[in-house]
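Each remark here refers to the structure printed beneath this line.
The values are calculated or read from the model by the stated rules, or taken from the named source; none is laboratory data. Just so it is clear, the structure is predicted and the values come from calculations on it, not from any experiment. Virtual Cβ from ideal backbone geometry, glycine too; neighbours counted across all protein chains shown. In case anyone asks, the SASA skips ligands and DNA or RNA and just uses the protein heavy atoms, side chains included. Shrake-Rupley method; radii C 1.70, N 1.55, O 1.52, S 1.80 Å.
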Amino acid sequence: MKKLILIRHAKSSWKYDVTDHERPLKTRGINDANLIADYLKSLNLNVDHVLVSDATRTKLTAGIILPALKIPENIISFKHKLYDFSGESLIGVIKSANDAINTLMVFGHNHAITAFVNTFGDRYIENVPTCGVVIIEFKERKWSQINPGKTAHTIFPRDLKV
């Protein structure tokens, strides 16, 4: 059985004169990433590998969440292919994951993440918001053979704010 933890990057800032790839996080994004990190700690996830888009906002989001989960750096990889908005590269990266990995965490971008969860999950989500997390469980033993699985959890920052 395979478990996929998809995390959309936190809210980014358009305030700076930088390329899209280099946009940093807004204060709200930092706060949301901390909220999500605290919630994910309570799930006691056993992550085998982490893939992170090499965009600044995605690396900064992962930089908040992963240390809170005590994820070791040696299981984290940065992939430019995850700087994907259509979803084609995201599917390819996930389906090419090593089969020794049972729980894979991926930090990426929209529209790719929303398209993926609506194709491979069993629950329709209109839009995965910034810093939203969707966990999908698959019955298959090989990533290359995953079929639609079960949407086990959705965690969105708005649901954690009181």
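Since Ser89 meets every condition but one in (1) closer than 26 Å to Arg158 by Cβ; (2) crowded, with 18+ Cβ neighbours inside 10 Å, which condition does it not meet?
Just one mismatch for Ser89, condition (1).
So which pairs qualify, if the first residue must be in region 85-97 and under 14 Å from Ser53 (Cβ atoms), the second must be assigned to a loop (DSSP other than H, G, I, E, B) and not charged (D, E, K, R), the Cβ gap must be under 9 Å, and the two must be at least 6 apart or on different chains?
Phe85/His109; Phe85/Asn110; Phe85/His111; Ser86/His111; Gly87/His111; Ser89/Tyr83; Leu90/His109; Ile94/Ile146
Select from region 16-35 the residues that are farther than 22 Å from Lys79 by Cα and open to solvent by less than 40 Å² (accessible area, probe 1.4 Å) and list them in ascending order.
Asp32
How many residues does region 141-162 contain that are open to solvent by less than 60 Å² (accessible area, probe 1.4 Å) and at pLDDT below 95?
The number of residues fulfilling the criteria is 1.
Given the conditions (1) open to solvent by less than 40 Å² (accessible area, probe 1.4 Å); (2) under 25 Å from Lys139 (Cβ atoms); (3) without any contact (Cβ under 8 Å) to a residue 60 or more places away in the chain, report the number of the one that Phe116 does not fulfil.
Answer for Phe116: the failing condition is (3).
Within the set of pairs 6+ apart or on separate chains, which have a first residue in region 10-31 that is free of Cβ contacts under 8 Å to residues at least 40 places away in the same chain, a second that is assigned to a strand (DSSP E or B) and not basic (Lys, Arg), and C-beta atoms under 6 Å apart?
Arg23/Ser12; Leu25/Ser12
Please determine whether any residue of region 123-140 is on the phi > 0 side of the Ramachandran plot and crowded, with 20+ Cβ neighbours inside 10 Å. Reasoning before the result, please.
Taking region 123-140 as the starting set, the residues that turn out to be on the phi > 0 side of the Ramachandran plot are 131.
Checking the rest, the ones that are also crowded, with 20+ Cβ neighbours inside 10 Å come to 131.
Yes, region 123-140 has at least one match.
Restricting attention to region 117-140, which residues are under 22 Å from Leu60 (Cα atoms) and either more than 11 Å from the chain's Cα centre (by Cα) or in a loop (DSSP other than H, G, I, E, B) (or both)?
Asn127, Val128, Pro129, Thr130, Cys131, Gly132 - these are the residues of region 117-140 that are under 22 Å from Leu60 (Cα atoms) and either more than 11 Å from the chain's Cα centre (by Cα) or in a loop (DSSP other than H, G, I, E, B) (or both).
Scan Lys26, Lys15, Lys11, Lys41 and give me the residue that is more than 25 Å from Arg141 (Cβ to Cβ), of a type in the set (Lys, Arg) and modelled with pLDDT under 95.
On the way: Lys26 fails: modelled with pLDDT under 95; Lys11 fails: modelled with pLDDT under 95; Lys41 fails: modelled with pLDDT under 95.
Just a single option satisfies the conditions, and that option is Lys15.
Kindly indicate whether any position in region 10-31 is among the basic types (Lys, Arg), under 13 Å from the mean Cα position of the chain (by Cα) and closer than 17 Å to Ala112 by Cα.
So far as region 10-31 goes, no, none of its residues is among the basic types (Lys, Arg), under 13 Å from the mean Cα position of the chain (by Cα) and closer than 17 Å to Ala112 by Cα.
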